[in-house]
1. Accessible area, 1.4 Å probe, largest first: how do 168, 376 sort?
2. Once amide H atoms are placed 1.01 Å from N in the peptide plane, what residues at a sequence separation of 5 or more from residue 313, or on another chain, have their amide H within under 5 Å of its amide H?
3. Out of the total accessible area of the chain (probe 1.4 Å, heavy atoms of protein only), what percent is carbon and sulfur?
4. Using R₀ = 51 Å, calculate the FRET efficiency as 1/(1 + (r/R₀)^6) where r is the Cβ-Cβ separation of residue 298 and residue 126; round to 0.05.
5. Relative to the first principal axis of the alpha-carbon coordinates of the chain, what is the inclination of helix 90-99, with its axis defined by its Cα atoms, in degrees from 0 to 90 and to the nearest 10?
6. Please tell me which of these pairs span more than 18 angstrom C-alpha to C-alpha: 22/107; 241/303; 70/95; 395/460?
7. Could you give the accessible area per residue of the chain, probe 1.4 Å, as a whole number in Å²?
8. Just how much of residue 233 is accessible, in Å², when a 1.4 Å probe is used and the result is rounded to the nearest 10?
Amino acid sequence: MKNSKSKILIVDDEVVWCNTMKIGLGYCGIENVDICNEPQNVLELLHVNKYQLILLDLCMPKLSGEELLKMLKLEYPDIPVVIVTAEEDIEVAVKCMKLGANNYITKPVEPHELLARIEQTLNVHDLENQLRRLHTSLNQKDLEHPEYFNEIITVNDDFKKIFRYIEVVAESKSPVLLQGESGTGKELFARAIHKASKLGGEFVGVNIAAMDDSMLHSTLFGHQKGAFTGAQSVRGGLVNKADGGTLFLDEIGDMAAEAQVKLLRLLQEKEYYPLGSDTPREANIRVIVATHRDLSDEKIFRKDLYYRLNAHAIMLPPLREHLDDIPILVEHFVREVATDYELKCPAIPPELFLLLSNYNYPGNIRELENMVRDAVLRSNRNRLSLTSFKEHINKNRCDFVEKINVSTNDLTTWQNLPTLKQIQEILIDESLRRCENNISLAAQMLGITRQALGQRLKKKSCSD
């Protein structure tokens with residue numbers, strides 16, 4: 001268990017309940033639990049012991065949980081507190097949350113339910129600490145305006161380098177080329193560049209993947225009245241709308257050859273012609289483009305346009321290369337979906353992060369967001385179920401397990417071939433290592449049932 005070494009303090013005047021919970025948590029893996037039945041002695045305990053979490057009852061003689069909470073948040077604000085309350089004390093519990101409590105749970109409660117709430121609280125607390133460390137780190141490394149990147153949810157060091165690079169080049173008027181697989185958040189980075197550029201005009205974005213030359217010309221550069229059938233009025237176009245600001249062109253790799261010539265002229269001459277007009281108009285814009293393709297290898301993409309766009313190139317890594325962002329992204333998406341649908345945030349089972357860290361994410365962050373959204377809407381509103389995540393991963397198994405390409409020539413370099421039994425043992429050991437001995441997840445990774453893996457482990461144990 002991830003937080004099995006956490007030291008927990010139970011503050012409650014009910015001796016039997018405290019002992020029951022201590023024993024139950026011990027069976028669940030948390031053995032380092034202290035009990036305090038006299039709330040007035042808590043601060044003294046904290047002077048000599050370091051606790052990762054406090055379970056605090058509200059209704060106690062001599063000193064109420066609410067009064068003690070105020071003292072704890074004043075003197076020990078970094079220790080998360082979970083309020084334990086009876087159902088009739090919900091309003092008071094909400095008040096305590098406003099006073100700084102990190103979570104709450106109602107009595108009666110089973111040890112496994114209490115364990116889940118403890119895990120959730122500690123995970124969220126860890127994420128909050130990561131965010132604080134991230135902001136501190138960004139400020140220490142001379143980011144002038146970290147708020148420009150607030151929409152980008154990450155704790156990854158590679159992204160910090162990108163943030164610093166963006167601040168360096170943002171006020172340049174040169175184009176920016178964002179490259180990365182679909183779903184990596186290219187538009188979010190484009191918006192961050194626009195904010196950092198301090199341009200007074202609007203951020204105007206358009207996906208040009210499905211546009212032919214005529215449609216793209218009219219969309220970007222506008223048209224005159226009567227320029228074509230149906231053009232009953234003058235249209236300004238997106239270049240005009242973005243005047244003094246940023247024009248973001250998504251999926252630039254799909255731009256038609258004819259349109260590439262017009263975009264090149266826009267970048268070189270800083271002017272354009274509306275459809276049906278012989279008079280050029282001045283373009284006062286910053287251009288940011290994005291693509292999932294490698295334009296340097298594209299035979300149909302103009303090299304001169306590529307070099308013009310490549311003034312500042314930023315490569316966004318796929319999600320499988322920054323899996324350390326999974327917990328914070330999941331937490332963010334869960335809160336976002338719950339807020340959108342006015343739902344209570346379900347508890348996130350800790351094994352979910354283990355499951356998600358062993359997936360390849362062909363759809364990147366957008367795919368993860370859709371997975372979380374589906375799971376929240378299908379949950380029982382108390383605990384996020386793993387079922388929908390497992391269904392999605394099984395459905396996309398070809399992406400879940402990285403393909404291994406071993407040619408005959410590779411095999412000829414092996415002096416001795418392993419037996420099938422040896423290969424099976426190697427795969428089982430590696431799957432259990434990756435899944436931290438979670439048999440259900442390991443079985444899913446191997447493409448067999450939990451029972452089948454259990455039988456193989458039993459046979460392996462007997463043979464050993």
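1. Values: 168 120, 376 0 Å².
These residues rank, largest area first, as 168, 376.
2. Under 5 Å from the amide H of residue 313 lie the amide H atoms of 177, each far enough along the sequence or on another chain.
3. 49
4. Values: r = 43 Å, r/R0 = 0.85.
Rounded to the nearest 0.05, the efficiency is 0.75.
5. That helix lies at roughly 60 degrees to the long axis.
6. On the way: 22/107 15 Å; 241/303 28 Å; 70/95 11 Å; 395/460 30 Å.
With Cα atoms farther than 18 Å apart: 241/303; 395/460.
7. Values: 24340 Å² over 464 residues.
Spelled out: the 1.4 Å probe surface of the chain, per residue, equals 52 Å².
8. 70
The values are calculated or read from the model by the stated rules, or taken from the named source; none is laboratory data. Bear in mind the structure is a predicted one, so any value in this text is a computation, not a measurement. All Cβ positions, even for glycine, are placed from backbone atoms using ideal geometry, and neighbour counts span all protein chains on display. Heavy atoms of the whole protein, side chains included, go into the accessibility calculation; ligands, DNA and RNA do not. Shrake-Rupley method; radii C 1.70, N 1.55, O 1.52, S 1.80 Å.
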